[in-house]
Amino acid sequence: MPYLVVRRAHALSEREEAMLKAHAVSEVGVGEPPLVLLHGFGTDQTIWSRMAPDLSAKRRVILYDHIGSGASDFARYDADRYRGLEGYADDLVKILEALDLRDASIVGHSVSGMISLLASLRTDRIGRLIMIGASPRYLNDAGYEGGFDPKDVEDFLGLMELDFQGWARALAPRVMDQPDNPALTQELVFSFSRENAELTRRFAEATFMSDHRAHLSACKVPTAVLQAKADVVVPLAAARFLADHIPHARLEVMDVRGHYPQLSAPATVVAAIERFLAETPS
């Protein structure tokens, strides 16, 4: 996807320049307030290739890769920093500061929903959150349906370590959930397969062992929770919990299937985002 070179509204320090390069930050479009697209586990910024052109027709759109994913600088990966989601949230804040983005709308897919929420508690540069297939906790708990038991995650991580390519081929059909469109499944297999096996496994562990239910009530910005009607990763109950516990949130259940609607139904997701942005002006 031919993104434009990042424009700089002010002089950057060498550290900021290096940080943006390390995250492969790119952008397309013009117009404020800006929109930042965050990919989830097992993918990179190219996951937005079907949506970015439409979204950037009205505004400036910024994309980047989490450290350890895509075209990011793997040498910057620090196991302690990225053991949980807080390190990724701090990265988002630093990128917003380096680009001097204000009143930014953050679209976070999957685990990046919680990354963006944590970032919103650290900065006033975020004006609204849009979460796609996000969950505050993936493990089941007493009175809470997260979708996975600890043994499920243990087996998941074990397969990743034992046979990463086999894991990618086995997971993609389940999470894409588009049996009539095998090309989409193959696209996701390719996305998973080209990632760094060890760092992707660590990102998976940070994702599936996370629990940020206690942070939801502290979120102060308008939030849209966009959820597919059928998603093997995030049950509808978890999406409802998310929307019910963020003070200024609303849930929209989209008439789509699978955990990657930005690939299988990009027009539906773009329309939902545009509606929310229209309802929550600057």
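The values are calculated or read from the model by the stated rules, or taken from the named source; none is laboratory data. As the structure is a computational prediction, the values presented were derived from the model and not from experiment. Here the Cβ is made from the backbone with ideal geometry for all residues, glycine too, and neighbour counts use every protein chain on show. Only protein heavy atoms, including side chains, enter the accessible area calculation; ligands, DNA and RNA are left aside. Shrake-Rupley method; radii C 1.70, N 1.55, O 1.52, S 1.80 Å.
So how much slack lies between ALA170 and ASP155, counting 0.36 nm per residue of separation and subtracting their Cα-Cα distance, in nm? Walk me through the intermediate numbers first.
Working: separation 15, 0.36 × 15 = 5.40 nm, distance 1.26 nm.
The ALA170-ASP155 span can extend by a further 4.1 nm.
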Counting C-alpha atoms alone, how compact is segment 96-206: give Rg to one decimal and Dmax as a whole number, in angstrom. 16.6, 44
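Just want to confirm a number: the relative contact order over segment 114-168, from Cα pairs under 8 angstrom separated by 6+ residues, in percent. Can you show the working numbers first?
Details: 25 pairs, mean separation 10.0, N = 55.
Averaging sequence separation for qualifying contacts and normalising by length gives 18 percent for segment 114-168.
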Which residues does the label zone of HIS245 cover in segment 112-142, counting backbone N under 13 Å from a point 7 Å along Cα→Cβ? 114, 135-142
Using helices alone, what [θ] at 222 nm do you get for the chain, with -39,500 (n - 2.57) per DSSP H run of 4 or more residues, divided over all residues and rounded to the nearest 500? -12000 deg cm²/dmol
Considering only protein heavy atoms and a probe of 1.4 Å, how much of the accessible area of the chain is carbon and sulfur, as a whole percent? 52 percent
At a probe radius of 1.4 Å, what is the per-residue accessible area of TYR88, in Å² to the nearest 10? 0 Å²
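What is the percent of Cα-Cα separations in the chain that go past 34 Å? Before the final figure, lay out the partial values.
Working: 4558 of 39621 pairs.
That fraction is 12 percent.
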Could you derive backbone 3J(HN,Hα) for segment 251-260 from the dihedral phi with the Karplus parameters 6.51, -1.76 and 1.60 (θ = phi - 60°), listing whole Hz in sequence and x where the residue is Gly or Pro? 9, 10, 8, 8, 7, 9, 10, x, 8, 10
Could you give me the ³J(HN,Hα) list for segment 132-139, computed from phi with Karplus coefficients 6.51, -1.76, 1.60 and θ = phi - 60°, whole Hz, x at Gly and Pro? 10, x, 9, 8, x, 7, 8, 8
For q = 0.11, 0.13, 0.16, 0.19 Å⁻¹, what log10 I(q)/I(0) does segment 35-186 give under the Debye formula with an equal point scatterer on each alpha carbon and no solvent? -0.50, -0.70, -1.05, -1.38
If one builds a Gaussian network model of the chain from Cα atoms under 10 Å apart, the most fluctuating residue listed among ALA24, ALA228, ALA170 is ALA170
For segment 206-278, what log10 I(q)/I(0) values come out of the Debye formula at q = 0.15, 0.20 1/Å, with one point per alpha carbon and no solvent? -0.54, -0.93
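Which helices, taking whole DSSP H runs in the chain, have alpha carbons extending 15 angstrom or more along the helix axis plus mean Kyte-Doolittle at least 0.5?
Details: long enough: 86-98 (18 Å, 0.02); 150-162 (18 Å, 0.03); 164-176 (17 Å, 0.21); 182-193 (16 Å, 0.69); 197-208 (16 Å, -0.22); 266-279 (20 Å, 0.92).
Length and hydropathy pass: 182-193, 266-279.
Give the relative contact order (percent, whole number) for the chain; include only Cα pairs under 8 Å separated by 6+ residues.
Numbers: 534 pairs, mean separation 53.8, N = 282.
Relative contact order of the chain: 19 percent.
Give LYS58/LYS94; LYS94/LYS151; LYS151/LYS229; LYS21/LYS151 a once-over and call out the pairs whose C-alpha atoms are over 31 Å from each other.
As for pairs spanning more than 31 Å Cα to Cα, those are LYS94/LYS151; LYS21/LYS151.
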Amide H proximity to ALA104 below 5 Å, modelled H, separation 5+ or other chain, gives ILE126, GLY127
Pick from GLN186, GLN45, GLN227: which is most flexible by mean-square fluctuation in a GNM of the chain where alpha carbon atoms under 10 Å apart are linked? GLN186
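Working out 0.36 nm times the residue gap between ASP211 and ASP124, then minus their Cα-Cα distance, what length gain in nm do you get to one decimal? List each step's numbers first, then the result.
On the way: separation 87, 0.36 × 87 = 31.32 nm, distance 2.33 nm.
Result: 29.0 nm gained on full extension.
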